[in-house]
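The values are calculated or read from the model by the stated rules, or taken from the named source; none is laboratory data. Quick caveat: nothing in here was measured; it's all calculated off a predicted structure. Positions of Cβ are backbone-derived with ideal geometry, glycine not excepted, and every protein chain shown enters the neighbour counts. Heavy atoms of the whole protein, side chains included, go into the accessibility calculation; ligands, DNA and RNA do not. Shrake-Rupley method; radii C 1.70, N 1.55, O 1.52, S 1.80 Å.
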Amino acid sequence: DNFNRIFQGKDDFSKLLGDHNLKAGITIMRSRKNQDNVPAINGTFAFSTSAANTTTNALADAVLGNFYTYTEAGSFRQGWYRFTQIEPYIQDDWKVSSRLTLNIGLRWEYMQPQYSAMNNTSAFLPQYYNPAKAPQILASNGAIVTGSGDPYNGLVLPGSGFPQAAVGRIPNATSDPAVLALFHNLPQGGANTDWKTWAPRLGFAYDLTGKGDTVLRGGMGVFYERVEGNFLFSAVNNPPFIQQTQIFNGVVDNPTGGTTQAFPSNINNSHYLDMKDPRTINWSLGVQHKIGKDMLLDVAYIGSSAANLSAQLDINQLQPGTTQAHPGVNVNALRPYLGYADIYEYQTGANFIYNSMQVQFKKQFKGGGLFNTAYTWSSARTDANAYNYQPMNSYCLKCDWGPSSYNRKQILVLSYVYPLPFWQKGAELYKRILGGWQISGVTTLQSGLPVNVTMPSDIAGTGISNQRPNATGTSPYLNQGTQYLDKTAFALPSAGTFGNLGAYSVFLPRFNNWDVTLTKNFRIGEKVTAAFRAEFFNVPNHLSYTGVSTSFTTATFGQINGATDPRTMEFALRLNF
């Protein structure tokens, strides 16, 4: 009674609370994917001038049958990939008043890490590597001394053992004590579940004038995505499941006459236990204003940030200057984790930030015409441009922080539909032929995409060659014919050091494209009509450059190697009856 007296009845209380549209639900996904990997079970020959019996010409070696390596695998590698995902949510669309509406929601996202049901995806974890069990590596060629060390040093398997389904499908593994010792009761898939995946969101729309002609809109939301499945899929190819033999320096007629030699294996697909679910936070604030009866202006600030993005780090990369300090020593004899070559570990520590101003103007014309202009200025920066991004220095992912490879700083798009204003109606023959045409089109003007300038050689002495040169300080853009970049703007860094040029710090030329369409509908009879359509792509026949050679020290460096198509025209006539 006191409550009702305060609000003077139920009607006033209802007006105070406003109108609610409450929704709740749940998404449940159960994924099952069987994906086999077929190694070289038929055998593969490789011919190279590095062979001991080479003629110094690889083609001649192939004709004579003098091979450098012969590789043959013994069995398929099966992956039974599974995951379960559950996402309950609740949302309320609350009309607080005639001028204010709120959108409030909360979602929780359980994303079980992908795993193989046979527990046959191995990973390398540094905490399980024992330097005392490392094999001996020959400094001359990087080969493993036969019989030395633990071949599975540092490797782990998920779970506590192989399930019954693995018996007979994983040769020798289920009965090999050395393989069974790799189980350490780790979680399925070898990755911890991320439980802190709360995703709230809030949005609003407010009529600033109360007349419905100017609206302020804004909102913010948190969103999650599961880790890209490729972090696990190829882990069935890691030791101890590689069962193949490699023979060196033999002849095709008698492959077994060559020599066997073991070299450190690459671990191309491994990951850490602490794999977080990628998280994105989106936010926006904008004003929409109606101008007169047929025009609308929309101005908005839109931003986004992402964390826990994945990247691939080579944790067995050498420190800069290592090969220069050990001349003549094979790279594999200098690795931090002896017994392995490159060890690429997926980790979820990369980030992304995006800020933009977006403006849109619309105008409607009498007779069905429409003109739309959209302009975006944006800045997007990241330290991992793909889920498997490999930085120049695996010990400094932040050193690759720079423009994202897929962002254009400025974009202007003009689109229109315009019925030609003459002879839209009339029974005269010339009006029926020359009138009733409509022209439409899309014009796109935008900044060029960023590209990454690299060097094909290992100047830093790290054992890998995805390195960048130095920037000399002069403008990198030459723009002389097809020679777009100025080679003198870059220089080789000193031996044993990385270049100072940032990742994706060079931009392609501006891009512009004009597409136009001309259409007309004809009535042939009472029940028969025809539609003629003429389409012109790249009307001015202007080529926009889409690619440039970015491999420094090569003869073609800086030259344009990609462009849009020339003018293309298409004509169509369609009968409707």
Cross-link reach from Lys196 to aspartates and glutamates, straight Cα distance under 17 Å and at least 8 residues apart if same chain, gives Glu87, Glu109, Glu225, Asp274, Asp277
Rounded to whole angstrom, the alpha-carbon centroid of region 200-259 lies from that of region 506-563 at a distance of 32
Taking Cα pairs closer than 8 Å and at least 6 residues apart, the relative contact order of region 183-284 in percent is 37
Restricting to Cα pairs under 8 Å and 6 or more apart, the percent relative contact order of the chain works out to 9
Carbon and sulfur atoms account, in whole percent of the 1.4 Å probe accessible area of region 478-534, for 54
The answer for the chain, accessible area per residue at 1.4 Å probe in Å², is 53
For the chain, whose charge dipole is built from +1 on Lys and Arg Cβ atoms and -1 on Asp and Glu Cβ atoms, the candidate among Ala62, Ser465, Ile86 with its Cα farthest towards the positive end is Ile86
Computed for the chain: size of charge dipole around the Cα centre, +1 on C-beta of each Lys and Arg, -1 on C-beta of each Asp and Glu, debye to nearest 20, value 2300
In the structure shown, of Lys23/Lys211; Lys293/Lys363; Lys23/Lys276; Lys290/Lys363, the pairs separated by more than 19 angstrom at the C-alpha atoms are Lys23/Lys211; Lys23/Lys276
Here region 191-207 yields Karplus 3J(HN,Hα) values (6.51, -1.76, 1.60; θ = phi - 60°; whole Hz; Gly and Pro given as x) of 9, 6, 7, 8, 8, 8, 10, 7, 10, x, 8, 9, x, 8, 9, 10, 7
Ranked output for segments 115-125, 264-274, 437-447 by mean other Cβ atoms within 10 Å, highest leading, reads 115-125, 264-274, 437-447
If every Lys and Arg gets +1 and every Asp and Glu gets -1 at its Cβ, then about the Cα centre region 15-161 yields a dipole, in debye to the nearest 20, of 640
With all protein chains present, region 113-232 has a carbon and sulfur share of its accessible area (1.4 Å probe) in percent of 55
Expected unfolding gain across Thr488-Asp150 under the 0.36 nm per residue rule, minus the alpha-carbon gap, is 116.7 nm
Straight-line reach check, Lys133, cutoff 20 Å on alpha carbons, 8 or more apart in-chain or any other chain, hits among aspartates and glutamates -> Asp150, Asp176, Asp342
Computed, not fitted: 222 nm per-residue ellipticity of the chain from DSSP H runs ≥ 4 (each -39500 (n - 2.57)), nearest 500, equal to -1500 deg cm²/dmol
Here region 34-173 gives, from Cα atoms, an Rg and Dmax in Å of 26.7, 87
Among region 545-577, those whose backbone N falls under 20 Å of a label point 7 Å along Cα→Cβ from Phe522 are 570-577
A 1.4 Å probe over the protein heavy atoms gives region 25-82 a carbon and sulfur accessible-area percentage of 52
Checked against the positive end of the charge dipole of the chain (+1 on Cβ of Lys and Arg, -1 on Cβ of Asp and Glu, about the Cα centre), the farthest of Ala262, Phe498, Thr454 is Thr454
Length gained, Gln91-Tyr406, 0.36 nm per residue minus C-alpha separation, equals 110.1 nm
Net charge near Asn330 (other residues with Cβ under 15 Å of its Cβ; Lys, Arg +1; Asp, Glu -1) is -1
For the chain, whose charge dipole is built from +1 on Lys and Arg Cβ atoms and -1 on Asp and Glu Cβ atoms, the candidate among Ser175, Ala40, Met569 with its Cα farthest towards the positive end is Met569
